[in-house]
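S.K.: Got a structure for you, questions after.
The values are calculated or read from the model by the stated rules, or taken from the named source; none is laboratory data. Note that the coordinates shown come from a computational prediction; the quantities given were computed from them, not determined experimentally. For neighbour counting, all protein chains shown are included, and Cβ atoms are generated from backbone atoms with ideal geometry for every residue, glycine included.
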């Protein structure tokens with residue numbers, strides 16, 4: 001992948017291009033996450049916001065709006081809304097997953113407690129709805145409120161599907177569309193809507209966000225089994241230890257012998273894991289080539305993301321969006 005930009009990574013080049021708008025988003029986030037009556041709210045949110053992260057989702061909103069010729073000011077409100085929704089879901093996810101670490105730092109639920117994480121997450125959801133109304137667009141409200149519901153639905157579906165060996169690739173895709181892709185597609189779609197873009201352009205932006213989100217999550221699930229801990233901040237096999245049925249395992253179970261299936265029942269469904277089980281799981285994935293097959297799926301979704309925006313106006317931002325689609329799967333090579 002060649003990058004003809006000053007920054008070495010496409011999301012960094014996009015951030016540089018959108019620097020003024022991103023600064024405005026960050027300022028708005030700081031202002032709106034303040035609370036006069038509950039100082040714990042800015043404490044908890046500042047910890048999570050301060051942990052870094054690429055801010056990819058709000059950047060996608062700004063990029064889509066700019067690509068469609070919008071000159072403000074409400075793209076900033078919508079980008080902040082997207083980030084608030086994302087941050088709220090992270091706070092809730094860490095409680096549900098009983099996580100102790102995110103982006104290499106202790107999670108809010110570990111530093112404070114579960115109650116604080118859940119309630120501050122609720123506060124950020126409420127703030128996101130306040131922000132999205134300020135754009136004065138019923139379409140924007142529909143898109144972002146639908147996305148919020150879809151995210152919650154995806155998380156609940158994952159609760160039941162994650163340890164059920166009947167979970168197949170279609171259910172996995174439904175979970176991924178809910179918990180990850182819904183916010184990506186809403187982020188790009190509202191950028192086009194606020195700019196008054198045509199229906200086919202808005203649809204192209206939605207399709208790009210949807211495919212990018214799916215490629216992103218499949219890549220993330222694959223890196224859990226073959227990533228570099230120093231780069232990902234995750235230990236190899238965390239999903240296995242947490243009994244999460246992700247795509248590499250689903251593909252291995254679909255081809256398993258009766259004896260192999262008994263192994264998956266014990267380790268995933270019943271959660272009775274022993275020393276050496278992760279190595280055995282990896283051996284089964286290697287036997288059926290499921291890591292390579294999962295990588296191929298991620299590449300297919302990355303290509304879908306790129307083809308979705310081929311019809312958009314010729315623009316530096318369009319090229320960067322295509323490079324971002326490449327970048328989310330480039331870490332798999």
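S.K.: For the subset of the range 37-53 comprising residues that are over 16 Å from residue 89 (Cα atoms) and modelled with pLDDT of 75 or more, which member is surrounded by the fewest Cβ atoms within 10 Å (Cβ to Cβ)?
M.R.: 39
S.K.: In addition: For the condition touching a helix residue (DSSP H, G or I) at 6+ places or on another chain (Cβ under 8 Å), closer than 13 Å to residue 60 by Cα and in a helix (DSSP H, G or I), what is the one hit in 144, 183, 223?
M.R.: Working: 144 fails: closer than 13 Å to residue 60 by Cα; 223 fails: closer than 13 Å to residue 60 by Cα.
Within the list 144, 183, 223, the selection yields 183.
S.K.: Working only within the range 166-178, note down all residues that are in contact (Cβ under 8 Å) with a residue 60 or more places away in the chain and over 15 Å from residue 297 (Cα atoms). Show your work before the answer.
M.R.: Our first condition is that a residue be in contact (Cβ under 8 Å) with a residue 60 or more places away in the chain; within the range 166-178, this holds for 167-169, 172.
Matches in the range 166-178: 167 only.
S.K.: Identify the single condition in (1) closer than 19 Å to residue 169 by Cα; (2) free of Cβ contacts under 8 Å to residues at least 40 places away in the same chain that residue 297 does not satisfy, given that it satisfies every other one.
M.R.: Just one mismatch for residue 297, condition (2).
S.K.: Quick check on my filter: what residues within the range 147-168 are within 30 Å of residue 267 (Cα to Cα) and part of a helix (DSSP H, G or I)?
M.R.: In the first step, residues of the range 147-168 are kept if they are within 30 Å of residue 267 (Cα to Cα); the result is 150-168.
Listed by number, the residues that qualify are 150, 151, 152, 153, 154, 155, 156, 157, 158, 159, 160, 161.
S.K.: Still on this structure, I have one more. Within the range 59-72, is even one residue surrounded by fewer than 17 Cβ atoms within 10 Å (Cβ to Cβ) and at pLDDT 85 or above? Give the steps one after another, and end with the answer.
M.R.: First pass over the range 59-72, keeping only residues surrounded by fewer than 17 Cβ atoms within 10 Å (Cβ to Cβ): 69, 71-72.
Okay, now just the ones that are also at pLDDT 85 or above, so 69, 71.
Yes - at least one qualifying residue is present in the range 59-72.
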